[in-house]
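Visitor: This is the structure, below, for whatever I ask next.
The values are calculated or read from the model by the stated rules, or taken from the named source; none is laboratory data. The model shown is predicted, which means the values in this text are computed figures rather than measured ones. Note that we place each Cβ from the backbone using ideal geometry, even for glycine, and neighbour counts take in every protein chain shown.
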Amino acid sequence: MPVFQLFLLLLWAALLFGGYFLGGGADRRMPRWTRLGSSLVLVVAGWTVTLVAPSGPLGRFALLIAIGMTLGFVGDLFMARVIPLPNRFFGGIAGFALGHVAYIAAGLGLGNALNVDPMLRLAAWLAWVLIGALAWWFIVYRDQQRTALHWATLPYSLLLASTTGVATGLALQQLVFLPFAVGAALFLFSDLLIAAQLFAVRFLRERAFARHIDDVIWLTYGPGQMLIVHTLPIALLLGASLT
């Protein structure tokens, strides 16, 4: 891994985990500037990867991942109310959803280049879509008075699950792409926590981590994005090929 990329990785870790351990909020330990700063560092890291990525399918993968991370950062700005909207969640969903479209395109394109078994890809995708649908039903739909936001989260949940499914199919073909699958799964889990925060308040009251759920969300979301952004550098370090 190039020295500058390693520096960015260490800076990201210092902002995210340093913000948690050194922050002093009663309910949220991480200051906003360390949270957003860690995401911004991942944006820079993503575009840095595009500069050193090989040409061809791996280069296109890196470009789409960088675009996806950038859109995710826009979603972070909406969620943090840096970009003001009457409903920050719709802005956040839009940013993250577009980012995941880019992630899915990256995974599908690289999967085509690797000639991933279509049945393997389909099985991985169906498994994760089923998990996403069941999680949405349990957290958002069940015993709830439905609103537009409730229904908007269904296609969004299925989209995030689809990213995880595509990434899992890729990892099953070449294990060096496992960080992509783990990162996508962590992203999905963090968003399920946000859904629980919005729609399952009674369920959360009974959980010990509920008081610091915002920090838990970032401690899953941040590493998830980090693994997605660093998928290609890790894969190349481990000897990834298009065979």
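Visitor: Look through region 77-126, keep the residues that are more than 30 Å from L172 (Cβ to Cβ) and of a type in the set (D, E, K, R), and return whichever of them is modelled with the highest pLDDT. Give the derivation first.
Guide: From region 77-126, those more than 30 Å from L172 (Cβ to Cβ) are 77-92, 94; that's our starting set.
Applying the additional criterion that residues be of a type in the set (D, E, K, R) yields 81, 88.
Details: R81: 89, R88: 82.
It comes out as R81.
Visitor: If S38 satisfies all but one of (1) farther than 27 Å from A161 by Cβ; (2) of a type in the set (S, T, N, Q); (3) surrounded by 18 or more Cβ atoms within 10 Å (Cβ to Cβ), what's the number of the condition it fails?
Guide: Exception for S38: condition (1).
Visitor: Would you mention how many residues in region 4-21 are surrounded by 12 or more Cβ atoms within 10 Å (Cβ to Cβ) and either at pLDDT below 85 or not hydrophobic (A, V, I, L, M, F, W, C) (or both)?
Guide: Total satisfying the criteria: 4.
Visitor: Okay, next question. For a quick check of your reading of the model, give me the residue pairs whose first member lies in region 6-24 and is over 16 Å from V43 (Cβ atoms), whose second is part of a helix (DSSP H, G or I), with beta-carbon atoms closer than 6 Å and at least 6 apart or on different chains.
Guide: Filtered contacts from region 6-24: G19/T34; Y20/D215.
Visitor: Among the residues of region 45-59, which ones are surrounded by fewer than 18 Cβ atoms within 10 Å (Cβ to Cβ) and under 19 Å from the mean Cα position of the chain (by Cα)?
Guide: Answer for region 45-59, where residues must be surrounded by fewer than 18 Cβ atoms within 10 Å (Cβ to Cβ) and under 19 Å from the mean Cα position of the chain (by Cα): W47, T50.
Visitor: Something else now. Of all residues in region 196-220, how many are under 23 Å from L42 (Cβ atoms) and modelled with pLDDT under 85?
Guide: In the first step, residues of region 196-220 are kept if they are under 23 Å from L42 (Cβ atoms); the result is 197, 212-220.
From what is left, the residues that are modelled with pLDDT under 85 are 197, 212-214.
Qualifying residue count for the region: 4.
Visitor: Now, a different point. Are any residues in region 163-191 under 12 Å from the mean Cα position of the chain (by Cα) and over 22 Å from V216 (Cα atoms), and if so, which ones? Explain how you work it out, then say what you get.
Guide: Keep residues of region 163-191 that are under 12 Å from the mean Cα position of the chain (by Cα), which gives 163-164, 167, 179-191.
Residue satisfying the conditions is A167 alone.
Visitor: Pick from A113, A133: which is in contact with a helix residue (DSSP H, G or I) (Cβ under 7 Å, 6 or more places away or on another chain), surrounded by fewer than 20 Cβ atoms within 10 Å (Cβ to Cβ) and within 19 Å of L192 (Cα to Cα)? Full working, then the answer.
Guide: Details: A113 fails: within 19 Å of L192 (Cα to Cα).
Unique residue meeting the criteria: A133.
Visitor: Looking for whichever is within 14 Å of T153 (Cβ to Cβ), touching a residue at least 40 places away in the same chain (Cβ under 8 Å), part of a helix (DSSP H, G or I) and among the small types (G, A, S) here; the options are G92, G132, G107. Which one fits?
Guide: Values: G92 fails: touching a residue at least 40 places away in the same chain (Cβ under 8 Å); G107 fails: within 14 Å of T153 (Cβ to Cβ).
Of G92, G132, G107, the one residue that is within 14 Å of T153 (Cβ to Cβ), touching a residue at least 40 places away in the same chain (Cβ under 8 Å), part of a helix (DSSP H, G or I) and among the small types (G, A, S) is G132.
Visitor: Based on this model, can you work out whether M1 counts as of a type in the set (A, V, I, L, M), modelled with pLDDT under 95, part of a loop (DSSP other than H, G, I, E, B) and crowded, with 20+ Cβ neighbours inside 10 Å? Walk me through it before giving the result.
Guide: On the way: of a type in the set (A, V, I, L, M): yes; modelled with pLDDT under 95: yes; part of a loop (DSSP other than H, G, I, E, B): yes; crowded, with 20+ Cβ neighbours inside 10 Å: no.
Judged against the criteria, M1 is not a match.
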